[in-house]
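Step one of this worksheet: look at the structure below.
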Amino acid sequence: MNIVVLTGAGMSAESGISTFRDSGGLWEKYPLEEVATPEAFRRNPELVLDFYNQRRKQIMEVSPNVAHLILADLEKHHNVQIITQNIDDLHERAGSTRVTHLHGEIRKVRSTTDPRLVYDLDGWELKMGDTCEKGSQLRPHIVWFGEMVPMIEVAQQITQQAEMLIIIGTSMAVYPAAGLVHYAPRHIPKFLIDPNETEVGYVDNLSLIRKPATIGIAELALQLQTK
Ligand code: APR
């Protein structure tokens, strides 16, 4: 079966990475206009680099949780495609092989003048003065607010092929990612795993599983086995 999984920050919450919009979330501590826009990078590049350096450092210190591992394990029996809004690499470290990152990847950096020049960063720190092979400053390989989402079309095509859609740990507040659910075929089963209420509107065949990612996906995987 083609299973498409759309994940958000709640997926990594149980690994110890804070979400963005829950109380105490990242955007409460750091106004996103100051750290996650192209204007912020122009105004105060050191602050923006430092913000992402701290995120990268933390992500390198934590591990995939049981929910990541269960999704990786599902590949043994199904064609699983993960579309994630997360910039961490926890799906990959858990063993998932088909992961599409909508909002970029924290472990990568790219040239500020040529977006095709993308590099793996050794270690956690990107500094002012670190340059690409053409001599331009490097920036985090992240989609900032106000920027295009280059992977959205690929993600839409993947979602159109879904025979089951599982959404995990996203407030569904950020577009175009939140709109992906409407690309899934109407008749297929859809599940939303999130302990809290989210902004998902009416979606055909949607079952809500109001549980943390680890418990919700364990229960769903068990159901899939018995089918
Ligand atoms: N298991 C599952 N879901 C959880 C858990 C958990 N243990 N803990 C929290 N959640 C849920 C919250 O209830 C919330 O619905 O995770 C969701 C997190 O929502 P956001 O913080 O808005 O994160 P996300 O939806 O991924 O944000 C989308 O916004 O700021 C940008 O680029 C950033 O990719 C991010 C995008």
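Among the residues of region 160-173, those identified as open to solvent by 30 Å² or more (accessible area, probe 1.4 Å) and either over 20 Å from His68 (Cβ atoms) or away from the ligand (no atom under 12 Å from the Cβ) (or both) are Gln160, Gln161, Glu163, Ala173. Taking region 103-146 as the range and being at positive phi and open to solvent by 20 Å² or more (accessible area, probe 1.4 Å) as the test, the residues that pass are Gly123, Gly129, Gly135, Gly146.
Which ones in region 182-198 are among the β-branched types (Val, Ile, Thr) and touching a helix residue (DSSP H, G or I) at 6+ places or on another chain (Cβ under 8 Å)?
Matches in region 182-198: Ile193 only.
It is to be established whether one or more residues within region 79-102 are of a type in the set (Val, Ile, Thr), within 16 Å of the chain's Cα centre (by Cα), modelled with pLDDT of 95 or more and open to solvent by 70 Å² or more (accessible area, probe 1.4 Å). Yes, the conditions are met somewhere in region 79-102. Any residue in region 48-67 that is open to solvent by 60 Å² or more (accessible area, probe 1.4 Å), touching a helix residue (DSSP H, G or I) at 6+ places or on another chain (Cβ under 9 Å) and within 14 Å of the ligand (Cβ to nearest atom)? Yes, region 48-67 contains at least one residue that is open to solvent by 60 Å² or more (accessible area, probe 1.4 Å), touching a helix residue (DSSP H, G or I) at 6+ places or on another chain (Cβ under 9 Å) and within 14 Å of the ligand (Cβ to nearest atom). For region 201-215, the candidate set comprises residues that are farther than 20 Å from Ala162 by Cα and not in a loop (DSSP other than H, G, I, E, B); within that set, the residue that is nearest to the ligand (Cβ to nearest atom) is Ala213. Residue count for region 23-46, restricted to those that are at negative phi and open to solvent by less than 70 Å² (accessible area, probe 1.4 Å): 13.
Considering Ala178, Ala184, which residue is within 13 Å of the ligand (Cβ to nearest atom) and open to solvent by less than 30 Å² (accessible area, probe 1.4 Å)?
Of Ala178, Ala184, the one residue that is within 13 Å of the ligand (Cβ to nearest atom) and open to solvent by less than 30 Å² (accessible area, probe 1.4 Å) is Ala178.
Is it true that Thr19 is under 22 Å from Asn196 (Cα atoms), of a type outside the set (A, V, I, L, M) and open to solvent by less than 40 Å² (accessible area, probe 1.4 Å)? Answer is yes for this residue. Evaluate region 193-200: report whether one residue or more is within 12 Å of the ligand (Cβ to nearest atom), open to solvent by less than 40 Å² (accessible area, probe 1.4 Å) and either under 20 Å from Leu74 (Cβ atoms) or free of Cβ contacts under 8 Å to residues at least 24 places away in the same chain (or both). Yes, because at least one residue in region 193-200 is within 12 Å of the ligand (Cβ to nearest atom), open to solvent by less than 40 Å² (accessible area, probe 1.4 Å) and either under 20 Å from Leu74 (Cβ atoms) or free of Cβ contacts under 8 Å to residues at least 24 places away in the same chain (or both).
The values are calculated or read from the model by the stated rules, or taken from the named source; none is laboratory data. Fair warning: this is a prediction, and the values are worked out from it, not measured in the lab. Glycine gets a Cβ as well: all are built from the backbone with ideal geometry, and neighbour counts include every protein chain shown. Remember, those area values only see protein heavy atoms, side chains included, never the ligands or the DNA or RNA. Shrake-Rupley method; radii C 1.70, N 1.55, O 1.52, S 1.80 Å.
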